[in-house]
Amino acid sequence: MNTAALAAGYRLIAQLLLHPDDRDGATVASPGLDLDPAVGDSIEEFLADASCGSRDEYVQTLELSPPCPLYLGAYLFDEPTSCRGAGTSGRNAYMLELSGLYRHFGFEITGGELPDYLPALVDFLWLSLEHQDRDTIGLRRRLLQHYVLPALGPLSEALEKYHSPYVLLVRALAKIVVQDLQQMGDGPVWKPPPDESGSVASLHVLTETDDKTRIGRMLMEQMEVRP
């Protein structure tokens, strides 16, 4: 699969992962993809499912106190049990790294969403393909290998448990991610240097203080606990 096909696949899946009322009709109606048959078949099967455009299916499964949230950090890290824990949790550091990565590529999330919101992250994946000159040290490879692919398996299992058609999109996305990684060949993968304490530092060196405050606040709101 060439770069243009990867970008088109990511873009379509990003749109289909949005609420049905928020999808771009032109992108969904005329995808024009040249994908691996296994990927294309999963997307076509999703589009043929009667509930793929159901508002109730989307809200009940993915949005309102969802059993299958579209936040990848939920599948990679344990949920903090306190407000203080939210600010120092592995998920908080992970999202700070995502914020730094997005900023490095000139990508900005709108709408007040967290950096690990899957539709936004998939948008980043196709947009960053257009700026490969900014990825000489393997930042995208690190993102895909460590923060995307490991979360898609648990998300797929959760969706399958609830018999949701969105499992087809997640499976298609996982296949595109694997093909993206294969296309990178033997290129480098970025590894964070250790900080002064000897622990591994993240890309939060590229973020702003406001990001830390905003992400910590949004995590606490997701937890629905009082400070």
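Scanning the range 104-127 for residues that are assigned to a loop (DSSP other than H, G, I, E, B) and either within 17 Å of Thr3 (Cα to Cα) or touching a His at 6+ places or on another chain (Cβ under 8 Å) (or both) returns Phe105, Gly106.
Only residues that are surrounded by 19 or more Cβ atoms within 10 Å (Cβ to Cβ) and in contact with a Phe, Trp or Tyr (Cβ under 6 Å, 6 or more places away or on another chain) were counted in the range 143-164, giving 3. Can you spot a residue in the range 128-148 that is charged (D, E, K, R), under 21 Å from Ala4 (Cβ atoms) and in a loop (DSSP other than H, G, I, E, B)? Within the range 128-148, one or more residues are charged (D, E, K, R), under 21 Å from Ala4 (Cβ atoms) and in a loop (DSSP other than H, G, I, E, B). Please state which one of Leu76, Leu118 is surrounded by 22 or more Cβ atoms within 10 Å (Cβ to Cβ) and either modelled with pLDDT of 85 or more or not hydroxyl-bearing (Ser, Thr, Tyr) (or both). From the options Leu76, Leu118, the qualifying one is Leu118.
Residue pairs whose Cβ atoms lie under 7 Å apart, separated by 6 or more positions or on different chains, with the first residue in the range 108-122 and under 15 Å from His19 (Cα atoms) and without any contact (Cβ under 8 Å) to a residue 40 or more places away in the chain and the second of a type in the set (A, V, I, L, M, F, W, C) and in a helix (DSSP H, G or I), are Glu113/Ala120. Hey, does the range 85-95 have a residue that's surrounded by 14 or more Cβ atoms within 10 Å (Cβ to Cβ), closer than 25 Å to Leu149 by Cβ, modelled with pLDDT of 90 or more and of a type outside the set (Gly, Ala, Ser)? No, that holds for no residue. Note on the range 96-115: residues that are at pLDDT below 90 and among the hydroxyl-bearing types (Ser, Thr, Tyr) total 1.
The values are calculated or read from the model by the stated rules, or taken from the named source; none is laboratory data. Since the model is a prediction, treat every value here as computed from it, not as a measurement. Positions of Cβ are generated from backbone atoms using ideal geometry, with glycine treated the same way; all protein chains shown enter the neighbour counts.
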